[in-house]
Amino acid sequence: MKEMVKRLRAEIIALGGDVRFETRLIGLEIENGRVTGAVLQGQEGTSTLKTDAVILAVGHSARDTFEMLAKTGAAMSRKPFAIGARIEHRQDWINRAQYGPAAGHPALGAADYKLAVHLPGGRSAYTFCMCPGGQVVAAASEAGGVVVNGMSLYARDGENANSALLVNVLPEDFGGEDPLAGVRFQQKWERAAFRAGGGDYRAPAQKVGDFLACRDSDGPGKVTPSYRPGVKWGSLDDCLPEFVTSAMREALPLLDRKLKGFAHPDAVLTGVETRSSSPVRIERDKDCVSNIVGLYPCGEGAGYAGGIMSAAVDGIRCAEAVMGF
């Protein structure tokens, strides 16, 4: 992957592009409702890049950029997303559940899964970003907040498997009407997780058996949490909305019917995962243009994709729109 990124960069430069490190977009210059420049802050200070087109592919956690756009007058709206926790099992449990007697055969890699259930009350719960042989990782981008994510190394040979266990969140759940209400909602529960984790960037954790029984956990069972810098055992009820924890409790036994052992009492829930997708949509028309002419909101952060491949396809679409295809 590192070599691929280097080659992509080299190709961009060879075609006349300019790649700038440690540089961020802090503003837009606008005249008569049209983009005329991008204000950048880099190692040598602030500068303005004169341009009539900006493809805004910022990712779903660019909160400073969302704030800037709101002040600039870009049309934005609230968007549904999902929150929950990482659920972690021993990888050999997942292998046995998926491969049966063939588990452990050298021709088979680490098994994965993808699960979902629609609940009677209207909520849905599902797994996302499953990481075979992987680890739960820290993903906070602001001081005083705890956010978890997951990853696998190329070999996928870690002791544990993990995935996000998420519940859908709707704009009416946010507790606010402004376009950035979903961001405030995320921040609320990330800060609650920081407090529940002890205020030192450990993450709150609870065994599934204790979670289902509504009791605090005081230590691990057969699954050792992989999160670093470590976890603080307790209850996820302290750092997730009640409608989310209720839906997770309802969903876990149902998901266990689809994947035997998914609700194993020693499986570990580590919280919180709040960055599944963007809580904001930057509005655009059929030609991918914002209400500010020349601004092209793009990809997952702008609310037009749900993962790596769909974001890449949307990037191609926006590039073609700029070129007039």
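Nothing in this text is a laboratory measurement; each read-out follows from the coordinates by a stated rule. All values reported here derive from a predicted model rather than from experimental measurement. With ideal geometry, Cβ positions are generated from the backbone for all residues, glycine too; neighbour counts draw on all protein chains shown.
Quick look at the numbers
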read-out	value
Selection from segment 153-178 of residues that are in contact with a Gly (Cβ under 8 Å, 6 or more places away or on another chain), small (Gly, Ala, Ser) and surrounded by fewer than 20 Cβ atoms within 10 Å (Cβ to Cβ)	Ala155, Gly158
Members of segment 96-114 that are among the basic types (Lys, Arg) and within 17 Å of Thr127 (Cα to Cα)	Lys114
Answer from Thr23, Thr48 - the residue that is hydroxyl-bearing (Ser, Thr, Tyr) and over 28 Å from Ser276 (Cα atoms)	Thr48
Verdict on Arg96 being more than 28 Å from the chain's Cα centre (by Cα) and among the charged types (D, E, K, R)	yes
Filter result for Gly294 (under 19 Å from Gly73 (Cα atoms) and not charged (D, E, K, R))	yes
Residue pairs meeting the criteria (Cβ under 8 Å; at least 6 apart or on separate chains; first among the acidic types (Asp, Glu), in segment 37-55; second assigned to a strand (DSSP E or B))	Asp52/Arg34; Asp52/Val35; Asp52/Thr36
Residue among Leu28, Leu108 that is more than 30 Å from Ala203 (Cβ to Cβ) and part of a loop (DSSP other than H, G, I, E, B)	Leu108
Residue ID - nearest to Ile87 (Cα to Cα), chosen from residues in segment 255-269 that are of a type in the set (D, E, K, R) and part of a loop (DSSP other than H, G, I, E, B)	Asp266
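Residue-wise test of (1) touching a helix residue (DSSP H, G or I) at 6+ places or on another chain (Cβ under 7 Å); (2) crowded, with 23+ Cβ neighbours inside 10 Å; (3) under 20 Å from Asp173 (Cα atoms); (4) free of Cβ contacts under 8 Å to residues at least 12 places away in the same chain.
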residue	(1), (2), (3), (4)
Cys214	no, no, no, no
Ser235	no, no, no, no
Met248	no, yes, yes, no
Leu254	no, no, no, no
His264	yes, no, no, no
Val268	no, yes, no, no
Ile282	yes, yes, yes, no
